[in-house]
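To start, the structure under review is shown below, and the notes come after it.
The values are calculated or read from the model by the stated rules, or taken from the named source; none is laboratory data. It should be emphasised that the depicted structure is a prediction, and the values quoted were computed from it without experimental measurement. As a convention, Cβ positions derive from the backbone with ideal geometry for all residues, glycine included, and neighbour counts pool all protein chains shown.
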C-alpha cells in the first residue's frame with residue numbers, strides 16, 4: 001500500500017498562460033507532461049510517484065482548465081512554455097517525464113536546453129519519424145473507434161474499457177466529456193500535419209545530454225517498441241526498457257511496475273547501471 005498523498009490543485013501563470021497544475025508529495029521535483037487522451041485528475045501512478053517525489057502535473061494549454069492562447073499552434077509553443085516553467089521553478093534541476101504527446105513535448109524541451117533537467121523519461125512517446133515517407137509510424141487515433149483504440153493501445157482491452165478516458169466509453173458528465181474533447185481538439189490543432197511528429201526532431205535528439213530512460217509497453221500497437229528503440233538509439237547514452245503486459249499506457253495498465261521502473265531510474269547515481277535483460 002502507498003500512503004495517501006495530499007494533492008493540491010493550483011493556478012500557475014507562466015508568461016501570458018494560466019495553467020491548471022496538480023501537485024503532491026515531497027522530495028526532488030518531478031514534472032509530469034501528460035498525453036492527449038486526458039481527464040484532469042490525480043491518477044494512481046501519480047499517487048505512487050508522489051510517495052518519493054514532489055510531483056507537478058500541469059494540464060497542457062488547451063487541456064483541463066488551462067488557457068490556450070490564440071497564438072499557440074505548434075509544438076514549439078508548448079516546448080518554450082515548459083522551458084519558461086522550468087526556469088520559474090528555480091535553479092535546482094527537475095526530473096522531467098512525458099507520456100505520448102507529452103513525451104514529444106518533453107523531447108522538444110530537452111533538445112533546446114537541459115540546464116534545468118536532471119533526468120528525462122520518455123514513455124511511449126510520439127514526435128519522431130522512423131520509417132520512410134510511405135510508412136505509417138503512428139496509428140491515427142483520431143479516426144479509429146473506441147473498440148479498435150482499446151485493442152491497439154492496451155494489452156488487456158477489457159481493463160482498458162474500465163480505465164480509459166475516451167469519448168464513447170463510460171458515463172461521463174458533460175464537464176468531463178468537454179475536457180476530453182477539448183484536449184483532442186487542441187492536439188489536432190498543433191499536431192495534425194504532419195501527424196504527431198516533427199520531421200526534424202530525430203536529427204536533434206543528439207543534443208540531449210542528461211540521463212534518459214525511454215520506457216515502453218511491450219504490447220503497444222499505437223507506437224511499437226521498435227519505434228521506441230529508434231527513439232532511444234537517437235539519444236546519446238539513453239536506456240530503453242519495456243514493461244510486460246502493458247500497451248501504450250503502461251502507467252495506467254501496470255502502475256506498480258511503471259512507478260518501480262521510473263523510481264529506480266530517477267534515484268540512481270550519476271552513472272547509469274548496465275542495461276538489464278529487457279533493456280537495450
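Summary table
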read-out	value
Counted residues, the stretch 166-194 - those being under 17 Å from the mean Cα position of the chain (by Cα) and under 19 Å from residue 127 (Cα atoms)	7
Residue tally, condition touching a residue at least 60 places away in the same chain (Cβ under 8 Å) and farther than 25 Å from residue 52 by Cα, over the stretch 228-246	4
Complete set of residues in the stretch 41-55 that are in contact with a strand residue (DSSP E or B) (Cβ under 8 Å, 6 or more places away or on another chain) and crowded, with 21+ Cβ neighbours inside 10 Å	46, 49, 50, 53, 55
Test: residue in the stretch 72-85 that is free of Cβ contacts under 8 Å to residues at least 24 places away in the same chain and either touching a helix residue (DSSP H, G or I) at 6+ places or on another chain (Cβ under 7 Å) or surrounded by fewer than 18 Cβ atoms within 10 Å (Cβ to Cβ) (or both)	no
Output for the stretch 54-71, where each listed residue is in contact (Cβ under 8 Å) with a residue 40 or more places away in the chain, under 24 Å from residue 195 (Cα atoms) and assigned to a loop (DSSP other than H, G, I, E, B)	59, 60, 61, 62, 63, 64, 66, 67, 68, 69
So residue 230, is it surrounded by 15 or more Cβ atoms within 10 Å (Cβ to Cβ), over 21 Å from residue 61 (Cα atoms) and in contact with a strand residue (DSSP E or B) (Cβ under 6 Å, 6 or more places away or on another chain)	no
Search result, residues across the stretch 147-174 that are over 20 Å from residue 44 (Cβ atoms), surrounded by fewer than 16 Cβ atoms within 10 Å (Cβ to Cβ) and at pLDDT 85 or above	147, 148, 151
Single condition residue 138 does not satisfy, out of (1) outside any loop (DSSP other than H, G, I, E, B); (2) at pLDDT 95 or above; (3) buried (at least 18 other Cβ atoms within 10 Å of the Cβ)	(1)
Matching residues in the stretch 199-250 - criterion: being assigned to a loop (DSSP other than H, G, I, E, B) and either at pLDDT below 95 or over 27 Å from residue 43 (Cβ atoms) (or both)	199, 200, 209, 234, 236, 237
Residue within the stretch 37-53 that is within 17 Å of the chain's Cα centre (by Cα), modelled with pLDDT of 95 or more, under 29 Å from residue 146 (Cα atoms) and part of a loop (DSSP other than H, G, I, E, B) present	no
Among residues of the stretch 87-125, those that are over 9 Å from the mean Cα position of the chain (by Cα) and in a loop (DSSP other than H, G, I, E, B), counted	9
